[in-house]
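Some notes on the structure that comes next.
The values are calculated or read from the model by the stated rules, or taken from the named source; none is laboratory data. Every value quoted in this text rests on a predicted model; they were computed, and no experiment measured them. Glycine also receives a Cβ, built like all others from the backbone with ideal geometry; neighbour counts cover every protein chain displayed. To get the accessible areas, we keep the full protein, side chains included, count just its heavy atoms, and leave off ligands, DNA and RNA. Shrake-Rupley method; radii C 1.70, N 1.55, O 1.52, S 1.80 Å.
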Amino acid sequence: ISLKSLRTGNKWEEISKINPLYVLYMYGFWNSESGDSDGDGYSNKLFDNKPLLPFGDTIVTDEIEKESGFDAKLTAETISLVNVWMAITSELYKAVTFCRDGTTSNDRNPIDDAAAFWFGSHTDPDVTTGSSLFAWANRAQSEFTGFDSGVNDEMIARLSSLQDTYASCEFTTGDERKDRALGMKTDVEETIKIMTVPLVQNFIRSLASMSGMTTQALNDRDNYLVLYSLMVLPLISICDEITFDDIWEQVFSERQGFTAATFSELLKMVQDRLECLGITCSMVGRSLEQDDTWPECVDNAPSNRLELAGYIPATDDSLGWSKIDLDISTILSFIVMEAT
């Protein structure tokens, strides 16, 4: 098995049919600076002057061949995120497809594969060393406080629940099986949101280090910020392209001039758009490095309802309907990428 096939499968074109998150990443990367006037479909689009679909190959190759030289730790983390993290999302969506189509098998369990990719060979629940995503999430969490629950605790619970649901798919048929798969898809999307939390925590850590806002600066902090920007920012592009373009420009073109003011501006922009990633401030928590100069992240409380262009809703239910424009934007991204 190659890193390339791990991320996209043996048939590249299948990834756009199985994993909607992969399509959103393609849309975000294409929207960066690589030809917004291209026609529909991903086949003629570029990322960093290379074909868009295998964007992970480009990111890993660029990391290995960067001008500052090879960094084994950073390269391992890049591979873990671009290849293994993405492979987990694909395995979870494959489980939904197998359940819906009635093709589940005792010989092939995508939930077990996703769990294996996440936990690696670790058996110690407190491990923070090594290249597994389990250890990576523990490391990220160790630098934050005040979060609702631990990422790995959530992953254990959610993967166990998905395993039970997947096993039950074998004994359902017709509409019941389709309903089971639909519910499973919702659970998969909630699990991926949990997986996104350490990405944001590491983005904040990298941004703070790059801006001189931490007591201990990261080695190669420049390229760590690049990595976590690549993993976080495309998810913002769907619901706010203007903000995405603004942050992208500052991170990839102007980061040499980062100051405390730049840090506060960029962090606040990301905090205000955590909903684009499906997560909340309370899920991310508060950095142990945070002081009064950092912008405060506050989730929208029901008592402080969002004002819609001057109109203040009287009920919470309407806020869900107000996001229909985001659904339309997501549908548009799939049309542009010719994803089905």
Exactly one of 89, 78, 129, 104 is under 24 Å from residue 214 (Cα atoms) and buried (at least 19 other Cβ atoms within 10 Å of the Cβ), and that residue is 78
Going through segment 203-214 one residue at a time, which ones are over 11 Å from residue 287 (Cβ atoms) and open to solvent by 10 Å² or more (accessible area, probe 1.4 Å)?
-> 210, 211, 212
All positions within segment 112-126 that are assigned to a loop (DSSP other than H, G, I, E, B) and either under 21 Å from residue 188 (Cβ atoms) or open to solvent by less than 50 Å² (accessible area, probe 1.4 Å) (or both) | 120
If we keep only residues of segment 249-269 that are closer than 16 Å to residue 200 by Cβ and open to solvent by less than 50 Å² (accessible area, probe 1.4 Å), then the residue modelled with the lowest pLDDT is 251
So residue 23 fits all but one of (1) modelled with pLDDT of 85 or more; (2) open to solvent by less than 30 Å² (accessible area, probe 1.4 Å); (3) in a loop (DSSP other than H, G, I, E, B); what number is the exception?
-> (3)
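Select from segment 132-155 the residues that are among the acidic types (Asp, Glu) and exposed (fewer than 14 other Cβ atoms within 10 Å of the Cβ) and list them in ascending order. Lay out the reasoning, then the answer.
Initially, segment 132-155 is screened for residues among the acidic types (Asp, Glu), giving 143, 148, 153-154.
Hits for segment 132-155 are 148, 153.
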Just need a number here: residues in segment 281-296 that are assigned to a loop (DSSP other than H, G, I, E, B) and open to solvent by less than 50 Å² (accessible area, probe 1.4 Å).
-> 4
In segment 49-82, which residues are touching a residue at least 12 places away in the same chain (Cβ under 8 Å), in contact with a Lys or Arg (Cβ under 8 Å, 6 or more places away or on another chain) and not in a loop (DSSP other than H, G, I, E, B)?
-> 56, 57, 82
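Any idea which residue in segment 161-177 is surrounded by the most Cβ atoms within 10 Å (Cβ to Cβ), counting only those that are within 18 Å of residue 107 (Cα to Cα) and hydroxyl-bearing (Ser, Thr, Tyr)? Walk me through how you get there before you give the answer.
Let us first name the residues in segment 161-177 that are within 18 Å of residue 107 (Cα to Cα), namely 162-171.
Next, from what is left, pick out any that are hydroxyl-bearing (Ser, Thr, Tyr): 165-166, 168.
Values: 165: 19, 166: 22, 168: 14.
The qualifying residue surrounded by the most Cβ atoms within 10 Å (Cβ to Cβ) is 166.
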